[in-house]
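Only the coordinates and a few stated rules stand behind these numbers; no lab work does. Every value quoted in this text rests on a predicted model; they were computed, and no experiment measured them. Glycine gets a Cβ as well: all are built from the backbone with ideal geometry, and neighbour counts include every protein chain shown.
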Amino acid sequence: MLRVRQRFDTTPPVDVEASVAAGFAAIREQLKPGMRIAVGVGSRGISNLAKIVVAVIGELKNAGVEPFIIPAMGSHGGATPEGQAQLLAGYGVTEASMGVPVCASMEVESLGQMDDGQEVLWSCEALAADGVIVINRVKPHTSFSRPVGSGLTKMLVVGLGKHAGASAYHAAALKLGYGEELMRLADVIIRRAPVLGGVAIVENAVHETARVEVLAADAILRREPELCIEASAMMPALPFDEIDLLIVDQIGKNISGTGMDTNTIGRSSNGYHLVPGQAATKPFIWRIFVRGLTLESHGNAIGIGLAEATTMRLVTGVDTAALYTNSLTSRSVLSAKLPMAFETDSEAIRAMLSSLPDADPTKARLVRIRDTLSLGTLEVSAALATEVEAHPALEPLGQAEPMRFDKSGNLAALI
């Protein structure tokens, strides 16, 4: 294996506090002293999330209003108030650190029905507030393409829809289309609920904050598609079109809604082909081996069904209640299937290599990554050395060395 650095375009540093303070001009006139303002915070591992939430809370307090935090994460955290509060705590968002209450109720109320009779369900806590502001990263979604992806719109519909609203959305989306249904429901929510606006975050290819933008409610549906295009252009990618075996050290809800980003691995959470030519996206990956699950996932291993192999240590750490709740709510049942599980990394890698069309390991195109958010440092097999030399963004770090396992047959962490 050869250690390789992948270079990405950089972005200027962002002053989070200054960006939030300047952006609040878009909604400041709507804030009246004494108002109770709900701040929706989700379950993703966003860089500078706690700092951004603190800045938003600070601006709200400066305006003389009374802010409080609502977990805006649909069915995550096992669809329980305790589980959702625990997810926020893992990101440093607690009552103690933020200086405001965290109201984690899962109760919903109806905002009425759509023209086709579909009921629009929304958080009771949010509806009881005088205003709502949501905070989320904007990026391409793992289950559908533009006009919007994962961002403020999804936070309003799915996050603040809680378990019941998220389930209703995903059920309708199976027939009407994910993006179309998201825009349709968001329009209703913005018109009927006390939505003041949102704080949109865009990250660059190395998971750094590239933009923080405050949007008034009436600007969200117009501006978010533009931010999604910007985020898409900065997303990191695997630098090879075809990979025989991708080794992923960890997956998790803090990394992607599907544990590992489907845009990165070229597989859909609703099904994929393992025949060259039938895959519409790149890279084409014959086998994926997932070694572990992030602590921040609290046992929710959604996305493990997109791999062919994993470890028994991952399987024993799965919280099936959290996994099944999330998978059933999102209707992504394929993502919860368990692949072949092996006692050691060595066993899994040998098995996957033996299952390739050409089982000669010296010809195998292996790539190892920490996770789908961290593609700056890779390990690649000698069979890819020529492509590494020819790739303008790849830089070898030393010489190729044999893959090393510890006494238990497992790989050391990829740093």
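A few notes on this one:
- Filtered by the rule that a residue be β-branched (Val, Ile, Thr) and not in a strand (DSSP E or B), region 202-230 gives 206, 220, 229.
- Members of region 314-324 that are touching a residue at least 40 places away in the same chain (Cβ under 8 Å) and over 17 Å from residue 296 (Cβ atoms): 321
- Scanning region 368-409 for residues that are touching a strand residue (DSSP E or B) at 6+ places or on another chain (Cβ under 8 Å) and either polar (S, T, N, Q) or closer than 15 Å to residue 346 by Cα (or both) yields 368, 372, 377, 381, 399, 403, 404, 405.
- Residue in region 379-391 that is of a type in the set (Asp, Glu), in contact with a Leu (Cβ under 9 Å, 6 or more places away or on another chain) and closer than 28 Å to residue 5 by Cβ present: yes
- Restricting region 158-192 to residues that are touching a Leu at 6+ places or on another chain (Cβ under 6 Å) and closer than 18 Å to residue 37 by Cα, the residue that is surrounded by the most Cβ atoms within 10 Å (Cβ to Cβ): 161
- Residue 388 meets the conditions (1) of a type in the set (Val, Ile, Thr); (2) loosely packed, with under 15 Cβ neighbours inside 10 Å; (3) over 23 Å from residue 250 (Cα atoms) in every case but one. The failed one is (2).
- Count of region 91-135 residues, restricted to those that are free of Cβ contacts under 8 Å to residues at least 40 places away in the same chain and surrounded by 19 or more Cβ atoms within 10 Å (Cβ to Cβ), is 2.
- Given (1) surrounded by fewer than 19 Cβ atoms within 10 Å (Cβ to Cβ); (2) touching a Pro at 6+ places or on another chain (Cβ under 6 Å); (3) under 26 Å from residue 252 (Cα atoms), number of the condition residue 88 does not satisfy: (1)
- Criterion: under 27 Å from residue 377 (Cβ atoms), of a type in the set (Asp, Glu), crowded, with 23+ Cβ neighbours inside 10 Å and touching a strand residue (DSSP E or B) at 6+ places or on another chain (Cβ under 7 Å) - qualifying residue of 345, 249: 345
- Among the residues of region 231-245, those that are in a strand (DSSP E or B), crowded, with 18+ Cβ neighbours inside 10 Å and out of contact with any helix residue (DSSP H, G or I) (no Cβ under 7 Å at 6 or more places or on another chain) comprise 243, 244.
- Matching residues in region 334-352 - criterion: being touching a residue at least 40 places away in the same chain (Cβ under 8 Å), small (Gly, Ala, Ser) and within 16 Å of residue 300 (Cβ to Cβ): 335
- Taking the criterion of being of a type in the set (Val, Ile, Thr) and over 16 Å from residue 54 (Cβ atoms), the residues of region 79-125 that qualify are 80, 108, 120.
- Single match in 44, 7 (criterion: within 30 Å of residue 378 (Cα to Cα) and surrounded by fewer than 16 Cβ atoms within 10 Å (Cβ to Cβ)): 7
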